[in-house]
Amino acid sequence: MLWRLVWRNVHRRPWQTGLTIFVVGSCTAALVICLMIVRGIEQGARNAVDNLGADVLVIPAAAQLEPGQVLFTGAPANIYMPGDVVEEIVKIPGVEAVSPQFFSQTLNESCCSLPEEYRLVGYDSSTDFLVKRLLAQGVKRELNPREVVVGGAVPAFLGDRVLILGTAFDVAGYLKPMGGGIDRTIFISMDTARQLAGASPYLQELWAEFGDPSHLVSAVLIKTAPGTSPERVAKDIGKIEGVRATAAAKMFINLKEQLLVFQALAWVLAFITVGITLASLLSRYSSLVIERQEEIGLLRALGTGRRQVFLLVMAETVLSGLIAAVAGALLGWGLVYYLKGLIEKHSSFPFLFPPLPQLIMILTIISAGVVLISIAAALWPARVSAKMDPVIALTEGELK
Amino acid sequence: MQIELRGVSHYYGDRLGGRVFPLRNINFSISTGERAIILGPSGSGKSTLLFVLGCLLRPVRGEVMLDGQPLSKKSEEELALFRNSQIGFVFQRCYLVPTLTVTENILLPLWIQGRQRTKNHKLASRVKELLEQLDLTERGHFLPHMLSGGQRRRVALARALINDPEIILADEPTAELDVAKKTKIGQWILEQANRGKIVVIATHDPSLVTMGSRSYDLRNGQMYAQDSTRWNYSGAGAKAKSI
């Protein structure tokens, strides 16, 4: 094989190679974005529901947020209802375990506080079945009142300390990214959360509206008894005044339904991208054969076999396609990383990157697919090149 | 080695049914150590004759024989291999690969052969020797677009000789060269015959005829043997004339 010629043709024709790399790289990046965004949101939602560990989520009926937003986003959710509601929920048939949570938020107050506002979740250690399970994965012990556990998307701060509403806390552990609101949440004991929130001068307006924070809860997580339908329990809880209950599975289904449109859109865009890429490459390689007719004629005249000419064109295609696909995959991954931030910040969709081995596999599969598209586009022009008569190629090539 | 054309005729047809006959019933033979000059006006079929001798074109009629064996029985791949290993072709236009440097263009036939190791000392010294002989020593790393027409022609010559071929077919090898180089290069090519090679040159340049070769005149598709002493050359730019 004429590898030297292949390499020189690729790197000494910067304009042509650049154009091919741009087309193939853009296609790869577009495919990576289309497929990974949909997959990342779906995976994030699935993980969020799994990590919730509850079958039903109860929030105040007057809350401006949807239950999905509470679960899937980490945006501060200053929603409150009377703590008495827990006692009423316990009485509903099919309810096996109940754990209230108190939400507050961090504030971007000074250079020493967190750079963004995060949700602060106070949990009741006597009834909790979510945070203990998460703690068991990382901290493996109960938190003391001066400790917090932070979600996977909360940046480490001040070494292992974090300043929340003017009070310094030790970070007992960092959770792995799980998708959903947990990643942007700081967990703290409920009593401490209530005390902090009650004492914060910035949140006094809230307490004027809702009352003493020590008697308030923001959400109640419910585990249903085995054999009980969570939807049924949610419906019964919904009858209690001032609350809204949603089954966790229902939240996932709702999100999946919303995602269907995005999925369809992503697939349509992916097909259009592949079609445009195939057509542009076919046209690009066809004109390349005409442009280089003289060169191909020379190679044939100097003794290059038809098969070698075919392989030469294909090798150039594969080489430029491979460079472009890798570059495009990395660009796509970078853009997905950027878009992840926007999704989490400005939408109610959760997002979770796949684990590294899976990510590498996805990028490899997409890159390989794009290289195959390049190969498919080059097959016909390569065949035409290989079949060229050397004399005709040389004499006609002079005129082009 | 002997290469022979027996009753070779060839024509080019166009899609409108028109035909041009550059070669009509040509009989020609040349053996190792011999040189032949083909003269003739533009469009007389000199290049076509070289294409046929160089196994690039299968004639419509007649046979090309190599050491008494017909080449028509050889497959495309066998002919490609033969061209690569036995024939050094200097085309009327230089046809240098634009993405390769002078040295790389010279080495191209060897790359095609699969002998890619330029570290090989013999090969490196052969390239150096050719560059020196053709006054291209300083141009080894230049790309073709940086060369003059004459320099490109000399690179094409070096490429034709890198493989140490048995047959050298040169189409207008001295075109675009100045007078001094014309004589030097022309002589240099013809001298290859003294090294046991077959040399066939198609040219407009009658000065090459005076260098003691068999010469032929190609007109209307017919080839006429000429006595080289019947040609007189009176300097650069002058037309060859029969006396």
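We did not get these values from a lab; they are worked out from the coordinates using the rules stated. What you see is a predicted model; the values in this text were computed from it and never measured. Cβ atoms come from the backbone with ideal geometry, glycine included; neighbour counts cover every protein chain shown.
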Gained length - A:Leu260 relative to A:Ser286, 0.36 nm times residue gap less alpha-carbon distance: 5.5 nm
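Please tell me the relative contact order of chain A in percent, rounded to the nearest whole number, where contacts are Cα pairs under 8 Å and at least six residues apart. Kindly include the intermediate steps, with their values, before the conclusion.
Values: 700 pairs, mean separation 115.9, N = 400.
Here the relative contact order equals 29 percent.
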Karplus-derived 3J(HN,Hα), 6.51/-1.76/1.60, for each residue of region A:329-336, Hz, glycine and proline x: 5, 5, 4, x, 4, x, 5, 5
Among A:His215, A:Ala248, A:Tyr202 - extreme Cα towards positive end, dipole of region A:196-267, charges at beta-carbon: A:Ala248
Overall dimensions of chain A as given by Cα atoms, namely Rg and Dmax in Å: 29.5, 94
Least to most buried among B:Thr183, A:Thr192 (fewest other Cβ within 10 Å first): B:Thr183, A:Thr192
Distance between modelled label sites at A:Ile272 and A:Lys239, nm, 7 Å Cα→Cβ extension: 5.0
Shielding score for B:54-62, defined as the mean number of other chain Cβ atoms within 10 Å: 2
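Remind me, relative contact order of region B:1-43 in percent, using alpha carbon pairs under 8 angstrom and six or more residues apart?
Details: 53 pairs, mean separation 17.8, N = 43.
Relative contact order comes out at 42 percent.
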Estimated FRET transfer efficiency when R0 is 35 angstrom, pair A:Glu88-A:Ala249 (beta carbons, to 0.05): 0.90
Most mobile listed residue (A:Leu298, A:Leu221, A:Leu143) in chain A, GNM with C-alpha springs under 10 Å: A:Leu298
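How large is the helix-only mean residue ellipticity at 222 nm for chain A, computed as the sum of -39500 (n - 2.57) over DSSP H runs with n ≥ 4, divided by its residue count, in deg cm²/dmol to the nearest 500? Could the numbers behind the result be given before it?
Working: 13 runs with 228 residues, N = 400.
Calculated at 222 nm, the ellipticity per residue is -19000 deg cm²/dmol.
Out of every Cα pair in region B:10-106, what percent are spaced more than 22 Å from each other? Intermediate values should be presented prior to the final figure.
Numbers: 1894 of 4656 pairs.
That tail contains 41 percent of the Cα-Cα pairs.
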Normalised contact order of region B:13-162, rounded percent, pairs of Cα under 8 Å and 6 or more residues apart: 22
Student exercise, chain B dipole from Lys, Arg, Asp, Glu Cβ charges, in Debye to nearest 20: 180
Sequence-distant residues sharing a close amide H with A:Leu2 (under 5 Å, placed H): none
Which of B:Tyr216, A:Tyr118, A:Val70, positive extreme of dipole for the protein assembly as shown (C-beta unit charges): B:Tyr216
Separation of the A:Arg141 and B:Glu138 label points, Cα + 7 Å toward Cβ, nm: 8.1
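Counting only DSSP beta bridges with both residues in chain A, tell me the antiparallel percent, nearest 5. Mind dumping the intermediate values first?
Numbers: 27 of 37 bridges.
Percentage antiparallel, nearest 5: 75.
When a/c reaches 1.5 or more, the comparison of a/b and b/c decides; with that in mind, is region A:127-260 rounded, prolate or oblate per its Cα gyration tensor?
Details: a/c = 1.91, a/b = 1.34, b/c = 1.43.
Oblate is the answer for region A:127-260, as a/c is 1.5 or above yet b/c matches or exceeds a/b.
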Sequence-distant residues sharing a close amide H with B:Arg214 (under 5 Å, placed H): B:Arg35, B:Ile37
The protein assembly as shown - charge dipole about Cα centre, Lys and Arg +1 at Cβ, Asp and Glu -1, debye rounded to 20: 3800
Label point distance in nm, B:Met65-A:Phe129, each placed 7 Å from Cα along Cα→Cβ: 10.1
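In which sequence would B:Met146, A:Met36, A:Met314 go, from the one with the fewest C-beta neighbours within 10 Å to the one with the most? Spell out each step's value before the answer.
On the way: B:Met146 12, A:Met36 26, A:Met314 21.
Least crowded to most crowded, the residues run B:Met146, A:Met314, A:Met36.
If you average 1/r over all unlike Cα pairs in region A:306-400 and invert the result, what Kirkwood radius do you get in angstrom? Spell out each step's value before the answer.
On the way: mean 1/r = 0.0613 Å⁻¹.
Kirkwood radius, region A:306-400: 16.3 Å.
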Cβ-based exposure ranking for B:Lys122, A:Lys223, in which fewest neighbours within 10 Å come first: B:Lys122, A:Lys223
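Once a ≥ b ≥ c are taken as the square roots of the eigenvalues of the Cα gyration tensor of chain B, is the result rounded (a/c under 1.5), prolate (a/b larger than b/c) or oblate (a/b not larger than b/c)?
Details: a/c = 1.65, a/b = 1.23, b/c = 1.34.
Oblate is the answer for chain B, as a/c is 1.5 or above yet b/c matches or exceeds a/b.
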